[in-house]
Amino acid sequence: MKKILIFLAVCVSMTAFAQKTEIPEAPYLPIDERTNLVTYQDVVKQEGTPKVLYDRAMNWVKKYYKNTAEVIKSADPEKCVINMRSSVRIYYKDKDGTMRFKNIVYYNFKLECRDNRYRYTITDFKEKATGSAPIEVWFNTSASGWTPSMYGYLSQIDEEMHKLIDSLEEGMQPAEEFVDEW
């Protein structure tokens with residue numbers, strides 16, 4: 001009887017180790033076909049001259065970012081282009097379920113204004129810890145060191161980029177003119 005119990009215990013433990021952990025479905029992030037980098041890009045129709053749209057964009061940048069001197073890398077009012085570098089924080093869930101700070105992911109952000117439209121391009125995401133490794137490596141489930149939490153980091157980045165884009169689109173709307181009717 002004792003031998004049978006030991007045999008069953010060994011079989012059960014071998015089966016548990018033999019089972020592969022199921023890989024969750026990868027989050028959808030837009031990948032540029034030319035660069036193979038995560039890239040959020042769109043041309044948004046918005047009434048206004050390039051100068052008017054550029055001014056709105058600068059006003060939005062100054063409201064959205066706390067330290068614009070660090071964020072704005074170049075601003076060309078003649079070409080109506082703003083180049084920025086900013087970051088987003090990512091978090092991991094510890095054993096008791098508490099979200100804890102993991103690291104910072106930097107990204108490049110370009111705003112270009114033309115007649116009745118502007119284009120944003122957000123790309124070149126890199127984790128601060130690795131510096132040169134793009135976040136696209138987190139999609140590679142066969143890489144050594146890959147964990148399912150990497151998909152969670154990608155989802156967090158995607159969520160933050162959608163918040164940023166929504167804020168930008170709202171900020172690029174013309175300001176309501178106040179009419180003082182008294």
>> Under 8 Å for C-alpha pairs, at least 6 residues apart: give me the relative contact order for the range 76-127, rounded to a whole percent.
In response: 33
> In whole percent, what relative contact order does the range 124-182 give with Cα contacts below 8 Å and a gap of six or more residues?
Replying inline: 16
>> If I ignore ligands, DNA and RNA and count only protein heavy atoms, how much of residue 76 is accessible to a 1.4 Å probe, in Å² to the nearest 10?
In response: 50
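If you wrap a convex hull around the Cα atoms of the range 115-182, how much volume per residue is inside, in Å³?
On the way: hull volume 9.6 nm³, N = 68.
Cα convex hull per residue, to the nearest whole number: 141 Å³.
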> For residue 149 and residue 35, what is the calculated FRET efficiency with R₀ set at 25 Å and r taken between the beta-carbons, to the nearest 0.05?
Replying inline: 0.50
> Once you mark the trypsin sites (Lys or Arg not before Pro) that are in a DSSP loop and have at most 14 other Cβ atoms within 10 Å, what is the longest gap between them in the chain?
Replying inline: 129-182
> Given H placed on each backbone N at 1.01 Å, which residues far from residue 42 in sequence or on other chains put an amide H within less than 5 Å of it?
Replying inline: 120
> Rg and Dmax of the range 72-128, Cα atoms, in Å?
Replying inline: 16.3, 53
>> Give me the one-decimal nm value for the distance between modelled label points at residue 63 and residue 117, 7 Å along each residue's Cα-to-Cβ direction.
In response: 2.5
>> Largest first and in whole Å, what are the equivalent-ellipsoid semi-axes of the chain based on the Cα gyration tensor, each being the root of 5 times an eigenvalue?
In response: 48, 17, 14
>> What distance in nm lies between label points placed 7 Å from Cα along the C-beta direction at residue 94 and residue 141?
In response: 2.9
>> Below 8 Å between Cα atoms, with a sequence gap of 6+, how large is the relative contact order for the chain in percent?
In response: 22
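The values are calculated or read from the model by the stated rules, or taken from the named source; none is laboratory data. None of the values given here were measured: they were computed from a predicted structure. So basically every Cβ, Gly included, is an ideal-geometry build from the backbone, and we count neighbours across all protein chains shown. Each accessible area value is taken on the protein alone, full model and side chains, heavy atoms only, with ligands, DNA and RNA left out. Shrake-Rupley method; radii C 1.70, N 1.55, O 1.52, S 1.80 Å.
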